[in-house]
Amino acid sequence: MKNMKKNIGFIIIMALITVVTVKAQVGMPLNSPIKDAILDLNYSTTGTTNKGLLLPKVSLLATDNPSPLKAHTAGIYVYNTNPAGSGATQVVKGTYYNDGSRWYSVNGSTIPWTTGGNAGTNATSNFVGTTDAVDFVTVTNGIERNRVTAAGKLLVGTTTVPTGGTNAKVILNSSATGALQLQDGTQQLSYGLISDANGVGQWQMQAINKNIATLSTAGVNVPITPLDKWYYTNTSITLAPGKWLINVNMLLSRASAPVFNNSNEFLWANATFSNSSTTLTPTTDILTTGNLMGAPLYPSAKNGMMTGNLIIRNSGTVNKTYYFIVKINGRNLSGTGLSKFGGGWPEDYIWYQKIP
């Protein structure tokens, strides 16, 4: 009888082995695996799966160390129970798989970033971002807040580079007033952001960087005849490419005392800039409406003052010299005209400033 029972048990075991061998597939607990699966854990109770697969628990030492296994074997999955190692080979708690040469966390190709922060990282190999040509996007409350494009541009308030931003590295796009705020302790009302030679900025009161022209000490004597003729004053300014605000202050002084016997006497002086010291015509680079400055000398007046502003744009690519010129008009004029106009008096000056 005992031998019969042994024979029956042996027959059953052989039958199971035969079934597994023939099918080369196992389903558990129901032996009806999906055809493409060698092992199908098909546990189900009334259609609801409430069981899981428990991986072997091991204590890894580092991603490049197979221990406690004998060797790196591709395809092995384990659950690491203890953080260990440091830097790029550090391991943390979690599931790891082996590719035959090292361990990899299933959460990523290297150490996963945690909400509590990471330690022992390597700035060369550990980073947050993408490894392909795809933008990196930051989202809060389900809304995109900023992105770093695949080309390295930081965009805030926009998902595309706006017109004119081809060379920009940081782009802020907002329709709200005050979208940009920079505080370093030096900010004050009406201050401007000023950069030093190294590009380090700070808030400072806007300085007016004036360029003071070197004036001719002799100026030019302007006769009353002929009228309406331009004269070069022997003073010029040289402007770099761009737009410039020019401020002029010149004394009008009669060359000799007039005969004050005609209350209808009147002198008018005009001044401007020319592209040439010989061909004396107003330059077309002046942007202000009207290209002349003017001032009167009234009857019986020995002196007057010409004060005015012009805007000149040098649209070229090299520095350009502009020549200060003057002419007079009038009626019932006496005396010999203007004396030393264009720099011959202490009151005279010309300054110029680059403007946007």
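The values are calculated or read from the model by the stated rules, or taken from the named source; none is laboratory data. Source: prediction; values computed, not measured. FYI the Cβ positions are ideal-geometry reconstructions off the backbone, even for glycines, and counts take in every protein chain you see. Keep in mind that these areas ignore ligands, DNA and RNA; they rest on the heavy atoms of the full protein, side chains included. Shrake-Rupley method; radii C 1.70, N 1.55, O 1.52, S 1.80 Å.
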Which of (1) more than 41 Å from the chain's Cα centre (by Cα); (2) modelled with pLDDT of 90 or more; (3) of a type in the set (S, T, N, Q) is the odd one out, the single condition SER263 does not satisfy? (2)
Looking only at segment 182-197, count every residue that is part of a loop (DSSP other than H, G, I, E, B) and within 16 Å of the chain's Cα centre (by Cα) and tell me the total. 1
Candidates GLY108, GLY120 - the one that is closer than 30 Å to LEU55 by Cβ and either surrounded by fewer than 12 Cβ atoms within 10 Å (Cβ to Cβ) or at pLDDT 90 or above (or both): GLY108
Going by the structure shown, is SER253 open to solvent by 20 Å² or more (accessible area, probe 1.4 Å) and small (Gly, Ala, Ser)? no
Taking segment 125-154 and keeping residues of a type in the set (S, T, N, Q) and open to solvent by 80 Å² or more (accessible area, probe 1.4 Å) leaves THR131, ASN141
Segments classed as strands (runs of 3 or more DSSP E), wholly inside segment 239-356, with at least 1 members that are of a type in the set (Lys, Arg) and within 23 Å of ASP228 (Cβ to Cβ): 320-331, 338-341
If ILE224 satisfies all but one of (1) under 30 Å from ALA255 (Cα atoms); (2) part of a strand (DSSP E or B), what's the number of the condition it fails? (2)
Do you know which residues across segment 198-216 are within 27 Å of ASN234 (Cβ to Cβ), modelled with pLDDT of 90 or more and part of a loop (DSSP other than H, G, I, E, B)? ALA213, THR214, LEU215, SER216
Inside segment 276-294, can you point out the residues that are crowded, with 17+ Cβ neighbours inside 10 Å and closer than 12 Å to MET250 by Cα? MET293
Cβ-Cβ below 8 Å, separation at least six or inter-chain, first residue in segment 225-237 and at negative phi, second part of a loop (DSSP other than H, G, I, E, B) and open to solvent by 70 Å² or more (accessible area, probe 1.4 Å): which pairs? TRP230/THR281; TYR232/THR278; THR235/THR214
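If you go through segment 306-330 one residue at a time, how many are of a type in the set (Phe, Trp, Tyr) and under 15 Å from VAL222 (Cα atoms)? Quick ask: steps written out before the conclusion?
Restricting attention to segment 306-330, the residues satisfying the condition of being of a type in the set (Phe, Trp, Tyr) are 322-324.
Next cut, under 15 Å from VAL222 (Cα atoms) only: 324.
So the answer is 1.
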Step by step: first the residues of segment 300-356, then only those that are over 28 Å from SER256 (Cα atoms) and among the aromatic types (Phe, Trp, Tyr), then the one that is farthest from the chain's Cα centre (by Cα). Which residue is that? TYR322
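Kindly establish whether THR177 is assigned to a loop (DSSP other than H, G, I, E, B), without any contact (Cβ under 8 Å) to a residue 24 or more places away in the chain and surrounded by 10 or more Cβ atoms within 10 Å (Cβ to Cβ).
Spelling it out, it is not the case that THR177 is assigned to a loop (DSSP other than H, G, I, E, B), without any contact (Cβ under 8 Å) to a residue 24 or more places away in the chain and surrounded by 10 or more Cβ atoms within 10 Å (Cβ to Cβ).
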Name the single residue that is surrounded by the fewest Cβ atoms within 10 Å (Cβ to Cβ) among those in segment 201-245 being in contact with a Leu (Cβ under 9 Å, 6 or more places away or on another chain) and of a type in the set (Lys, Arg). LYS229
